[in-house]
1. State yes or no: is Gln85 open to solvent by 50 Å² or more (accessible area, probe 1.4 Å), among the polar types (S, T, N, Q) and over 23 Å from Phe144 (Cα atoms)?
2. Of the conditions (1) open to solvent by 50 Å² or more (accessible area, probe 1.4 Å); (2) part of a helix (DSSP H, G or I); (3) without any contact (Cβ under 8 Å) to a residue 60 or more places away in the chain, Pro136 fails just one. Which one is it?
3. In the stretch 191-212, is there at least one residue being surrounded by 15 or more Cβ atoms within 10 Å (Cβ to Cβ), in contact (Cβ under 8 Å) with a residue 40 or more places away in the chain, part of a loop (DSSP other than H, G, I, E, B) and not charged (D, E, K, R)?
4. Would you check which residues across the stretch 192-219 are of a type in the set (Ser, Thr, Tyr) and farther than 24 Å from Ile21 by Cα and list them?
5. From the list Leu53, Leu105, Leu119, Leu77, exactly one residue is more than 19 Å from Thr19 (Cα to Cα) and not acidic (Asp, Glu). Which is it?
6. Are any of the residues in the stretch 61-83 aliphatic (A, V, I, L, M) and assigned to a loop (DSSP other than H, G, I, E, B)?
7. Taking the stated definitions as given, is Val106 β-branched (Val, Ile, Thr), open to solvent by less than 30 Å² (accessible area, probe 1.4 Å), in contact with a Leu (Cβ under 8 Å, 6 or more places away or on another chain) and farther than 30 Å from Gly84 by Cα?
Amino acid sequence: MKSQKSFAEAAGVLYLVPTPIGNLEDMTFRAVKTLQEVDLIASEDTRNTQKLLNHFEIKVPQKSLHEHNYNERIPELIRFLKGGQSIAQVSDAGMPSISDPGHELVVACIKEDIPVIALPGATAGMTALIASGLLPQPFYFYGFLQRKRSAQKKELEELKKQTATLIFYESPHRVKETLKNMNGVWGNREVVICRELTKLYEEYLRGTTEELLTYLEDHSLKGECCLLVAGADEVEETDEVFEGTLKEQVEALIVAGQPSKEAIKTVAKRHNLKKQEVYKEYHDL
């Protein structure tokens, strides 16, 4: 067990700094200030980050940290931090470690008792989710699926019974094929494609899997895409017999300690019913 007092140390700190996912105005005051005050910036792509630094007139030096060099780079960065200097780690867009490099450096810092401080900011998945119209909670952020069809279909099979709203990142060139695989494994669900998030041509495409596949026959997509899919409705069948009416079963679970919301959900799953049906029975509506 370890305890981190994030702001007890003024030096030797790793800051995880989110960067805009499109619109530069989404850079927070705190993020700019942090980048100005650290001793070094560890960047996924130094050329890309330099454009951001130039825009905000930030003169701090950079070192690259990406999937191809992190094994060699992390020991160097750890020595830098243990020497009392601070580092800001950034990805090309959004939050570090979310489908981008950074996790390995965080783990190394925790192992060495180096404070790790995350700044809040832009992240594509959550931004798309709250405007999607799909249930915002629970949600399951998955990131990128495998590219090969067989591997991707295996992943989708594993996610088939997931009832939370699912969030994926996908290349615009692969969205159509991914939707075909989803339709084959999951059937026709509610789907939202969000592309060019926070940019001038931001667009939400909402419909069923089949409707979107029909749309994509005549329309091509451009820009980074976030793919959101409604979770599964069906529940596993059970041979177990439960005594009492639906209302009585809910009341029994509440007496046993479950909150009413959870009790209604449990009874709905038992009988392969929608929660709204059990809710109405319980409240005599």
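1. yes
2. (2) is the only condition that Pro136 fails.
3. yes
4. Thr208, Thr209, Thr214, Tyr215
5. Leu77
6. Yes, the stretch 61-83 contains a residue that is aliphatic (A, V, I, L, M) and assigned to a loop (DSSP other than H, G, I, E, B).
7. Answer is no for this residue.
Yes or no, residue by residue, for (1) within 30 Å of Thr198 (Cα to Cα); (2) modelled with pLDDT under 95:
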position: His55; (1), (2): yes, no
position: Lys59; (1), (2): yes, no
position: Gln62; (1), (2): yes, no
position: Glu67; (1), (2): yes, yes
position: Glu76; (1), (2): no, no
position: Ser97; (1), (2): yes, yes
position: Gly102; (1), (2): yes, yes
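The values are calculated or read from the model by the stated rules, or taken from the named source; none is laboratory data. Nothing here was measured: the structure is a model prediction, and the numbers come from that model. For neighbour counting, all protein chains shown are included, and Cβ atoms are generated from backbone atoms with ideal geometry for every residue, glycine included. Surface accessibility is based on the protein's heavy atoms, side chains included, excluding ligands, DNA and RNA. Shrake-Rupley method; radii C 1.70, N 1.55, O 1.52, S 1.80 Å.
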